[in-house]
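Please treat every number below as a calculation from the coordinates, not as lab data. Quick caveat, the model's predicted, so the values are computed rather than measured. As a convention, Cβ positions derive from the backbone with ideal geometry for all residues, glycine included, and neighbour counts pool all protein chains shown.
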Amino acid sequence: MKLRKYLAVLATAAFAVFAAGSCAEPDDEFLHTDSRILSIEVQPAGGGAGIAGVIDETTGEIYFPIPKKDREKYDITCLMVRAEVEYDTFINPSLTGLKDLSDRDNPFTITVTAGDKGSRTYSLWAFYTRR
């Protein structure tokens, strides 16, 4: 009986030493370096189906081709913009509220900043297609 208690105490002590030694601190916090927009869409001011943006990573241009048949639903001077980015990435200025994306010569510009502080600038604009 004494031998069992002794072995139980010894096993518990060995486990505690092992467990305490294996709780190491992480080396560094992981920060994303990806300052790209993963996906983006516009919706009419009143809500509804979204239209995906076309992202050109080379030029930093994002455009939204609105089909001619949807012209009445989508006023390109008053659109809701929604984007998907990595979890530790931020968009400035914020995409909340309604945005005017009608002027290609003076587009709405955003900066996407990743967790490692790397950033990328995008220009957003929308237009109506001919069909």
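For the reader, a short list of remarks on this structure follows.
- With both labels modelled 7 Å from their Cα along Cα-to-Cβ, the Leu98 to Asp75 distance reads 0.5 nm.
- More than 16 angstrom apart: percent of Cα pairs within the range 42-131: 54
- On full extension, the segment bounded by Lys68 and Arg130 gains 21.7 nm, given 0.36 nm per residue less the C-alpha separation.
- Sites matching GluC sites (Glu not before Pro) across the range 24-131 that sit in DSSP coil, with at most 16 neighbouring C-beta atoms within 10 Å: Glu29, Glu57, Glu72
- In a DSSP loop and with at most 11 other Cβ atoms within 10 Å, the chymotrypsin sites (Phe, Trp or Tyr not before Pro) in the range 70-106 are Tyr87.
- With viscosity 1.002 mPa s and temperature 20 °C, the Kirkwood radius over alpha carbon pairs of the range 54-96 converts through Stokes-Einstein to a diffusion coefficient of 168 µm²/s.
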